[in-house]
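Novice: Below: one structure in structure tokens.
The values are calculated or read from the model by the stated rules, or taken from the named source; none is laboratory data. Please read all numbers here as calculations on a predicted model, not as lab measurements. Here the Cβ positions follow ideal geometry from the backbone for every residue, glycine too, while neighbour counts run over all protein chains shown.
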Amino acid sequence: MSWFKSDREKYAALATAWVLPEPSRCVQCGVCSFNCPIEIDVRRHVWLGEPVKDSRCLTCGECIKRCPRGLLRFEPIAATHGGRARGGR
Amino acid sequence: MGRRHVLIGMGPGAIAAAEAIRSADAGAEIVVVGADRHGYYSRPGLAYYLAKEIPEKWLHPLSAEGLAGLDLTIVNERADGIDTKAHRVMLESGRELVYDRLLIATGSTAIPAKVPGAELDGVVKLDDLDDANDIIRRSAGAKGAVVVGGGITALEIVEGLHAHGVHVDYFMRQDRYWKNVLSETESHVVEQELGGRGVRVHNYTELAGILGRDGRVAAVATGDGKRIPCDLVAVAIGVHARIELARAAGLACGRGILVDEYLRSSDEDVYAAGDVAEPVDHGTGLRTMEVLWNSAVRKGRTAGLNMATEPVRAYETGIPLNVTRLAGLKTTIIGSVGSGGRDADLEGLQRGDSQTWSELGDAVAIEAQTHGARVRLAVGERALAGAVVMGDQSLSFPLQDLIQARADVGSIAADLKAAGASIAELVEGRWREWREQLA
Ligand SMILES: Cc1cc2nc3c(=O)[nH]c(=O)nc-3n(C[C@H](O)[C@H](O)[C@H](O)COP(=O)(O)OP(=O)(O)OC[C@H]3O[C@@H](n4cnc5c(N)ncnc54)[C@H](O)[C@@H]3O)c2cc1C
Ligand code: SF4
Ligand code: SF4
């Protein structure tokens, strides 16, 4: 599984991965959106069952780290088959 | 003119239903009646708000534009009655709303303590944002609090009070925390974490009464005759579904509102969703209650679609899942993991709970420490019945897939049960195979 661990992985993530949620675990608490340094509404992406496709995403990993339920992760873009998260609508 | 839908409640059940109705019928009229003056917000998020991890305004998932986009009429009042024959909802102001289809998604509410002194000022609960703000306000200047109850909400209150600098005495009636769902080791890990934070855990301790001075909490009395001074008493002994409206309207109710597979109540124009709905679990054939955010959303979407069209989509109870933090440890609970029976600290279901977790299966329990996580699996003959993952959550994702799909794990079952088995490798290996088979 592609969990974000080091700077090296971060740069790799930037090129090839986006933040992918597991929507069935989300309780819309807002911790991810609150902690995103550029105020991307990560929570809304999760509700819609979509990866964070926002081109402004820095892949800083802050939302991933802060989500109290650990449901966000970096996933290679190619692996998400057109960008629908599991269980998304 | 489209159909007129009235939705009672402003939680995830009602909001998900409103979205589903709007996406199926652009011309429908949708009126949402909600008694909470704060509107729609994340109740599970209250725990993080209490723990000072998130400011209040971030609890609201939908921006004003998001709500406007759904083109709803919001009525911020309590519904006081339903006349199913006349298709009318009576509001506390005396106004009446006419409906073609009605959704009841009134959620659940905390069961109050039944001990002498329970009515004193300073006895608190955590149902909604007003309660969270009440706890925060009372924490300022409070020296000590006693928390009674079990499961997730009790711990969330313990952590919230601790974050506000209040010393906490936590009472539980039995030898350990959340006994009918967690294993002995898991309970002890949680209790040790609490102890490490300075929370005093009292096992085998019964709250016998709350003692007051000038109408305010001053101390509690325990079953074995001790007196512990405190300024606050928090009660989290479980919840019950808010079925009063439905029952008074003559709808069939059990613990919740009895609904068919389409989430229709005993009246064909009235649906129910969220915590308050009591559908049949097709796996067991029995009626089941869930107090889970995601289940509320799925029920809301199903009911909304059926209300907007005709009853076409059946609700699948599925295998429940919750992720929570127990004394700081991320914990995922999936499927049947319990020891059977009920928890002496809880009088009903609790928040973030499903009946399934405490059901006794004929599976064999395997517990191991692996990759920064404590993992427990309930291994049946061919499928995994459930799992608990505490700590690093990596393994919880493959486990969720395998358990919820009831995937065949016969090929690894014997190896999993062998002494010193490498659970992570076995599970991940089987999961990869299963994914390849799916693709
Ligand atoms: C502190 C806390 C922690 C939780 N933690 C978790 C968790 O970790 N995981 C999880 O999955 N779930 C958790 N939950 C449970 C989850 O929030 C609920 O399952 C979910 O909110 C249920 O949604 P609902 O739409 O059925 O009802 P609710 O969200 O309860 O909303 C019902 C709404 O109806 C309104 N209402 C009630 N009666 C009337 C009336 N007569 N007229 C008008 N309005 C009325 C209420 O004011 C309320 O706004 C938690 C809940 C709480 C309170
Ligand atoms: S922090 Fe996690 S649980 Fe909370 S809204 Fe974001 S993704 Fe959902
Ligand atoms: S990775 Fe960073 S920039 Fe991208 S959505 Fe998450 S917090 Fe925001």
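Novice: Working carefully through the options B:250, B:212, B:256, B:274, find the one that is out of contact with any Pro (no Cβ under 8 Å at 6 or more places or on another chain), closer than 24 Å to residue B:151 by Cα and among the small types (Gly, Ala, Ser).
Specialist: Exactly one of B:250, B:212, B:256, B:274 is out of contact with any Pro (no Cβ under 8 Å at 6 or more places or on another chain), closer than 24 Å to residue B:151 by Cα and among the small types (Gly, Ala, Ser), namely B:256.
Novice: Now a separate question. When you look at residue B:280, is it crowded, with 18+ Cβ neighbours inside 10 Å and at negative phi, yes or no?
Specialist: The answer is no for residue B:280.
Novice: Tell me whether segment B:145-156 contains one or more residues that are within 16 Å of ligand 2 (Cβ to nearest atom) and within 14 Å of chain A (Cβ to nearest Cβ).
Specialist: Within segment B:145-156, one or more residues are within 16 Å of ligand 2 (Cβ to nearest atom) and within 14 Å of chain A (Cβ to nearest Cβ).
Novice: State all residues of segment B:403-432 that are aliphatic (A, V, I, L, M), out of contact with any helix residue (DSSP H, G or I) (no Cβ under 6 Å at 6 or more places or on another chain) and in contact (Cβ under 8 Å) with a residue 24 or more places away in the chain; if no residue qualifies, say none.
Specialist: Within segment B:403-432, B:403, B:405, B:413, B:423, B:424 qualify.
Novice: Follow-up. So in segment A:39-51, with the set limited to residues that are surrounded by 17 or more Cβ atoms within 10 Å (Cβ to Cβ) and among the hydrophobic types (A, V, I, L, M, F, W, C), which one is farthest from ligand 3 (Cβ to nearest atom)?
Specialist: A:47
Novice: Quick one: residue B:27 ticks every box in (1) in contact (Cβ under 8 Å) with a residue 40 or more places away in the chain; (2) touching a Gly at 6+ places or on another chain (Cβ under 6 Å) bar one, so which box is it?
Specialist: Result: residue B:27 passes all but (1).
Novice: Here is a further query. Out of the residues in segment B:303-315 meeting the condition of being touching a strand residue (DSSP E or B) at 6+ places or on another chain (Cβ under 9 Å) and assigned to a loop (DSSP other than H, G, I, E, B), tell me which one is nearest to ligand 3 (Cβ to nearest atom).
Specialist: The residue in question is B:315.
Novice: For residue A:54, indicate whether it is facing chain B (nearest Cβ under 9 Å), surrounded by fewer than 24 Cβ atoms within 10 Å (Cβ to Cβ) and not aliphatic (A, V, I, L, M).
Specialist: In short, no.
Novice: Only one of A:14, A:72 is at pLDDT 90 or above and either under 10 Å from the mean Cα position of the chain (by Cα) or more than 8 Å from ligand 2 (Cβ to nearest atom) (or both). Can you tell me which?
Specialist: A:72
Novice: Right, here's the next one. Based on this model, can you work out whether residue B:36 counts as among the acidic types (Asp, Glu) and farther than 22 Å from residue A:47 by Cβ?
Specialist: So residue B:36 fails the test.
Novice: State whether one or more residues within segment B:209-224 are part of a helix (DSSP H, G or I) and more than 23 Å from the chain's Cα centre (by Cα).
Specialist: no
Novice: Is it the case that segment B:41-49 has a residue that's away from chain A (no Cβ under 14 Å) and either at positive phi or within 20 Å of the chain's Cα centre (by Cα) (or both)?
Specialist: No: zero hits.
Novice: Can you pull out every residue in segment B:62-95 that is free of Cβ contacts under 8 Å to residues at least 40 places away in the same chain and within 14 Å of chain A (Cβ to nearest Cβ)?
Specialist: B:63, B:64, B:65, B:66, B:67, B:69
Novice: To continue, here is another question. Do we have any residue at all in segment B:13-21 that's at negative phi and not in a helix (DSSP H, G or I)?
Specialist: Within segment B:13-21, not a single residue is at negative phi and not in a helix (DSSP H, G or I).
Yes/no per residue for (1) modelled with pLDDT under 90; (2) outside the structural domain of residue B:296 (by TED's automatic domain parsing); (3) crowded, with 18+ Cβ neighbours inside 10 Å:
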site	(1), (2), (3)
B:342	yes, yes, no
B:350	yes, yes, yes
B:358	yes, yes, yes
B:377	no, yes, yes
B:390	no, yes, yes
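Novice: Turning to a different aspect of this structure: I need the full set of residues from segment B:132-163 which are within 15 Å of the chain's Cα centre (by Cα) and of a type in the set (Ser, Thr, Tyr), in order please.
Specialist: The answer is B:153, and nothing else.
Novice: Wholly within segment B:61-180, which helices (runs of 4 or more DSSP H) include no fewer than the required count, namely at least 1 residues that are away from ligand 1 (no atom under 16 Å from the Cβ) and exposed (fewer than 15 other Cβ atoms within 10 Å of the Cβ)?
Specialist: The helices (runs of 4 or more DSSP H) meeting that bar are B:64-69, B:129-139.
Novice: Sort out which residues of segment A:15-49 are assigned to a loop (DSSP other than H, G, I, E, B), more than 13 Å from chain B (Cβ to nearest Cβ) and touching a helix residue (DSSP H, G or I) at 6+ places or on another chain (Cβ under 9 Å), and write them in order of number.
Specialist: Correct list: A:37, A:40.
Novice: Which one is nearest to the other protein chains (Cβ to nearest Cβ) among residues in segment B:51-60 that are of a type outside the set (D, E, K, R) and part of a loop (DSSP other than H, G, I, E, B)?
Specialist: Among them, the one singled out is B:54.
Novice: Within segment B:376-425, which residues are of a type in the set (Lys, Arg) and not in a loop (DSSP other than H, G, I, E, B)?
Specialist: Residues satisfying the conditions are B:376, B:417.
Novice: Might you let me know whether segment B:28-36 holds any residue that is more than 12 Å from chain A (Cβ to nearest Cβ) and over 24 Å from residue B:267 (Cα atoms)?
Specialist: Yes, segment B:28-36 contains at least one residue that is more than 12 Å from chain A (Cβ to nearest Cβ) and over 24 Å from residue B:267 (Cα atoms).
Novice: Also, I was wondering about something else. So for segment B:256-269 (the condition being surrounded by 14 or more Cβ atoms within 10 Å (Cβ to Cβ), modelled with pLDDT under 95 and not assigned by TED's automatic domain parsing to the domain that holds residue B:385), does at least one residue qualify?
Specialist: No, there is no match, as no residue in segment B:256-269 is surrounded by 14 or more Cβ atoms within 10 Å (Cβ to Cβ), modelled with pLDDT under 95 and not assigned by TED's automatic domain parsing to the domain that holds residue B:385.
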